[in-house]
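We did not get these values from a lab; they are worked out from the coordinates using the rules stated. Computed from a predicted model, the values in this text were never measured in an experiment. So basically every Cβ, Gly included, is an ideal-geometry build from the backbone, and we count neighbours across all protein chains shown.
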Amino acid sequence: MIEIKTLASSSKGNCYHITDGTTSLLLEAGIKFRDVRIMLNFQTSDIAGCLISHEHKDHCMAVQDVLRTGIDTYMSAGTAETIGITHHRIKPIKALESFEVGTWKIMPFNVEHDVAEPLGFLLANRAGEKLLFATDTYYIRYRFRGLTHLLIECNYSKAILDQNIIDGVVPKVMRKRLIQSHMSLENLIDFLTANDLSKIQEIHLLHLSDTNSDEALFKRTVQKLTGKLVFIA
Ligand SMILES: [Zn+2]
Ligand SMILES: [Zn+2]
């Protein structure tokens, strides 16, 4: 059974702890490792690996400490190069080339963000569960079957963003960057509609914007559309 613990999820920092009961992993290292340790009650010695999606600080600021702790850390070559690190525990990975960490079989895939070589991850375990992790991507070009757990960005809603621009809360120049780098509620709805959700147990909405989102509305909308259990990370 998959257990998901959100340690942080926003443009200030992202980090998730997942386990299938046998192998535990960190998804992202975008908060201080000291805080990761505190939030996990200092139970970090069993973490078998850390996956990093891309080089933005809110996803990788603690990567040095994670490596120093002796945790194998998986990222694309483009991400490692842009961060500017080399370490024997960095495991370079490529989109559509699967690899294993303990009981997880992990398939990285390309996502759409304004960075070097960003990745999303499809994680399957031996119990037949499938978790999709996709953040900082305005669109997902793939379709998935048999997902049981969904951790997916829902950064903003176009309606809220446009109102914020009219009100002068958000500068107009931000709009273009946002719509080409982060997932809107509207694009998420399209993704959910296009995918087989029959086996989904949980949906976690990630990386909500402070100004352009509405937790209650996002949760209600996705719950109504899917009939699934929805959490705001
Ligand atoms: Zn981010
Ligand atoms: Zn980013």
Given (1) closer than 24 Å to GLU3 by Cβ; (2) in contact with a Leu (Cβ under 6 Å, 6 or more places away or on another chain), SER157 misses just (1)
Review point. Does the stretch 59-69 include one or more residues that are over 17 Å from LEU132 (Cα atoms), within 16 Å of ligand 2 (Cβ to nearest atom) and charged (D, E, K, R)?
Key: no
Taking the stretch 1-51 and keeping only residues that are outside any loop (DSSP other than H, G, I, E, B), of a type in the set (A, V, I, L, M) and more than 16 Å from ligand 1 (Cβ to nearest atom), one is left with ILE4, ILE18, LEU25, VAL36, ILE38, MET39, ILE47, ALA48
Residues of the stretch 95-115 being of a type in the set (S, T, N, Q) and either surrounded by 22 or more Cβ atoms within 10 Å (Cβ to Cβ) or part of a strand (DSSP E or B) (or both), in sequence order, are ASN110
Filter the stretch 72-82 for residues that are surrounded by 21 or more Cβ atoms within 10 Å (Cβ to Cβ) and among the β-branched types (Val, Ile, Thr); the one that is nearest to PHE33 (Cα to Cα) is THR73
Per the list (1) crowded, with 19+ Cβ neighbours inside 10 Å; (2) among the hydroxyl-bearing types (Ser, Thr, Tyr); (3) away from ligand 2 (no atom under 16 Å from the Cβ), residue check on SER9 breaks on (3)
Considering every residue within the stretch 85-107, establish whether at least one is among the β-branched types (Val, Ile, Thr) and within 16 Å of ligand 2 (Cβ to nearest atom). no
Here the residues within the stretch 146-159 that are buried (at least 20 other Cβ atoms within 10 Å of the Cβ) and more than 22 Å from ILE200 (Cβ to Cβ) are TYR156
> Of the residues that make up the stretch 44-60, is at least one touching a helix residue (DSSP H, G or I) at 6+ places or on another chain (Cβ under 6 Å), among the small types (Gly, Ala, Ser) and either more than 26 Å from GLU202 (Cβ to Cβ) or touching a residue at least 12 places away in the same chain (Cβ under 8 Å) (or both)?
Replying inline: yes
Those residues of the stretch 12-25 that are under 13 Å from LEU206 (Cα atoms), small (Gly, Ala, Ser) and surrounded by fewer than 19 Cβ atoms within 10 Å (Cβ to Cβ) come to a total of 0
